[in-house]
1. Put a dot 7 Å past each Cα toward the Cβ at residue 6 and residue 105; how far apart are the dots in nm?
2. Could you tell me what a quarter of the Cα convex hull surface of the chain works out to, in nm² with one decimal place?
3. Helix 94-103 versus the longest principal axis of the chain: what angle, 0 to 90°, nearest 10, using Cα atoms?
4. With a Förster radius of 41 Å, plug the Cβ-Cβ distance of residue 14 and residue 64 into 1/(1 + (r/R0)^6) and report the FRET value to the nearest 0.05.
5. Using helices alone, what [θ] at 222 nm do you get for the chain, with -39,500 (n - 2.57) per DSSP H run of 4 or more residues, divided over all residues and rounded to the nearest 500?
6. To check you understand DSSP bridge types, tell me what percent of the beta bridges within the chain (both residues inside) are antiparallel, rounded to 5.
């Protein structure tokens, strides 16, 4: 089993280079017979920030472009946070905007 850092490419892939097999994107050298079943992904970065501090309220939104579901909830600082890439990259997203409308915030 290999534990690899979280990335936006799921379990990644494998690449043979100079006769050695590597997991990508972590670039960890793996045994030749390693499969995706042998890959364990570390927990997401900043996951501990998504701690619900206000009665465990959360709002779920289905992605318009994929089968993903995004969750808006209060973080440890008491602010709304979302686990979508828009929020992660820019600290703004349509899911938080919609949640604020729904709650009258």
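Coordinate-derived values only; no laboratory data. Predicted, not measured: the structure shown is a model, and the values here were computed from it. When we count neighbours, we look across all protein chains shown, and the Cβ atoms used for this are built from the backbone with ideal geometry, even at glycine.
1. 2.0
2. Details: hull surface 33.8 nm².
So the Cα hull casts an average projection of 8.5 nm².
3. The two axes meet at around 30 degrees.
4. Values: r = 32 Å, r/R0 = 0.78.
Once rounded, the FRET efficiency stands at 0.80.
5. Numbers: 2 runs with 16 residues, N = 105.
Value at 222 nm, helices only, nearest 500: -4000 deg cm²/dmol.
6. Numbers: 16 of 19 bridges.
DSSP beta bridges in the chain are roughly 85 percent antiparallel.
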